[in-house]
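Here is the structure we will look at.
The values are calculated or read from the model by the stated rules, or taken from the named source; none is laboratory data. Remember, it's a predicted structure, so these values are computed and weren't measured experimentally. Just so you know, the surface numbers come from the protein's heavy atoms only, side chains and all, with ligands and any DNA or RNA stripped out. Shrake-Rupley method; radii C 1.70, N 1.55, O 1.52, S 1.80 Å.
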Amino acid sequence: MGYHIPKDTQLLVNAWAIGRDPERWEDPLSFKPERFLGTLLHEFDWEVDEISRNDLMDMRGRMGLTVRKLAPLTAITSKVFDVTPQLNI
């Protein structure tokens, strides 16, 4: 898509809008569990940063309207590409 997201940017995803987008989903207002996260999880390879990988993850919380992690978890994604050859039959 060509977006540039600067380092240390806090990214908020509007999952509510994505899950109800009529251009992406047939019958978008019906609850269908297969819509949620499956595509996001399967289309990317996920890794955690070096600190989390070495079991040094800080699990302390920060109070507010909701409880947030005091030290954010860094998830590193890389797009999975379909390398299956296209057959023209």
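Solvent-accessible surface (1.4 Å probe) assigned to residue 44 amounts to roughly 60 Å².
Go through 49, 27 and list them by solvent-accessible area, largest first, probe radius 1.4 Å.
Working: 49 35, 27 80 Å².
Final ranking, largest accessible area leading: 27, 49.
In straight-distance terms, cross-link reach from residue 69 covers every one of the lysines whose alpha-carbon lies under 22 Å from its own, apart from those fewer than eight places away in the same chain; here that gives 7.
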